[in-house]
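Contents: one structure, followed by commentary.
What follows draws every value from the coordinates through simple rules; no lab data is involved. Nothing here was measured: the structure is a model prediction, and the numbers come from that model. Note that each Cβ is placed from the backbone with ideal geometry, even for glycine, and that neighbours are counted across all protein chains shown.
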Amino acid sequence: MPPQSPRRSGFTLRGRHFVIGLPSVWLAFAFLAPFFIVLRLSVSEMDDAGGFVSLLSFSDGMLHLRLKLSNYVFIVQDDLYVLTYLSSLKYAAITTALCLFIGYPFAYFMARAKPSLRPTLLMLVMLPFWTSFLLRIYAWKGILANNGILNDMLLAVGVIDAPLKMMNTPFSLAIGMVYAYLPFMILPLYANLVKMDLRFLEAAADLGATPLQAFWRITVPLSKSGIIAGSMLVFIPAVGEFVIPELLGGPGTLMIGRVLWDEFFTNNDWPLASAVTVVVVLLILVPMAIFNKYKAEQEEVRA
């Protein structure tokens with residue numbers, strides 16, 4: 001094989017740097033820069049005019065760094081914030097579990113359907129994205145209200161005698177969040193299951209495994225990366241969800257997104273709100289680190 005010319009080699013090297021550097025620059029501007037701005041606000045102090053006191057000051061020939069950590073201490077010691085964080089994690093975990101329970105069979109059916117039918121099924125999964133997110137959540141208010149479609153249907157068939165209280169409850173919150181995030185679970189699972197080698201299942205059947213045993217011992221382990229990816233795509237945004245709890249949840253379903261809104265725009269306490277945001281980001285980084293660790297281990301095994 002003839003050696004590459006220096007010109008072609010240099011062009012390839014520049015192209016590789018461009019491909020790697022462009023996402024890095026985007027990550028720096030889209031995530032790192034806003035995060036460090038919020039981190040800076042969280043350790044700052046507001047003055048009487050509504051501005052922020054500079055973190056660095058110079059006096060007596062010395063440079064002083066002033067960091068206000070009382071906001072983080074307050075968050076840890078205040079029961080409201082601790083319970084709100086736990087509530088957000090709880091509802092995010094419930095949403096993730098329900099999306100996995102509902103989405104896995106659907107993704108499995110899509111992956112095993114005829115190749116000519118798969119684009120149609122994939123379009124049905126993505127179809128809700130063609131409509132405004134806010135309109136879709138508002139539609140659930142019309143379905144779950146006391147005089148909504150669901151109650152009217154149940155009353156018409158005689159299942160209930162009085163309207164059920166479904167709106168502004170944990171039930172309505174769970175329904176809305178599962179509906180909103182279900183496609184984010186189905187798509188990674190489908191992408192994983194559709195590439196699975198079916199010869200493994202045939203070999204398991206030849207060795208005497210029942211279809212259920214083959215599913216648990218072969219299909220589920222081989223789709224583990226899709227399960228983890230879908231779970232992360234659902235769990236991470238669900239932790240900080242604001243619109244769905246605001247429209248469908250009641251007073252007993254307080255989540256961290258609502259607390260952030262109140263601190264930023266009602267109490268106008270930007271340092272405390274920024275500290276709450278930093279803690280949320282740190283909570284989200286934990287599952288992301290677990291996912292990255294798993295992906296690294298998978299790549300080592302394949303290598």
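Think of segment 24-168 as a dipole: +1 on every Lys or Arg Cβ, -1 on every Asp or Glu Cβ, centred on the Cα centre; then among A111, I160, T96, A111 lies furthest on the positive end.
Can you classify segment 144-272 as rounded, prolate or oblate using the Cα gyration tensor, where a ≥ b ≥ c are the square roots of its eigenvalues, rounded means a/c under 1.5, and otherwise it's prolate if a/b beats b/c and oblate if not? It comes out oblate by the Cα gyration axes. For the chain, the gyration tensor built on C-alpha atoms gives an oblate shape. Its axis ratio a/c (a ≥ b ≥ c) is at least 1.5, and a/b is not larger than b/c.
With R₀ set to 45 Å, the beta-carbon distance separating R66 from R118 gives a calculated FRET efficiency near 0.15. About its Cα centre, the dipole of the chain is roughly 1540 debye, where the only charges are +1 on Lys and Arg Cβ and -1 on Asp and Glu Cβ.
For segment 40-183, the calculated P(r), taken from all Cα-Cα distances in 5 Å bins from zero up to the bin holding the longest distance, is 2, 8, 10, 10, 11, 11, 10, 9, 8, 6, 5, 4, 3, 1, 1, 0, 0 percent. Oblate is the label for segment 199-303, because a/c, from the alpha-carbon gyration tensor with a ≥ b ≥ c as root eigenvalues, is 1.5 or above and a/b does not exceed b/c.
Per-peptide packing, taken as the mean over residues of other Cβ atoms within 10 Å, places 19-26, 80-87 in the sequence 80-87, 19-26 from highest down.
Counting lysine pairs in segment 78-302 that sit 8 or more residues apart in sequence, or on different chains, and whose Cα atoms lie under 24 Å apart gives 12.
Exposed loop sites are taken as trypsin sites (Lys or Arg not before Pro) in a DSSP loop (any state but H, G, I, E or B) with at most 14 other beta carbon atoms within 10 Å; the longest stretch of the chain without one runs 196-303.
Along the axis of the charge dipole computed for segment 78-302 (Cβ charges of +1 for Lys and Arg, -1 for Asp and Glu, origin at the Cα centre), the listed residues A209, F129, S223 are led at the positive end by A209.
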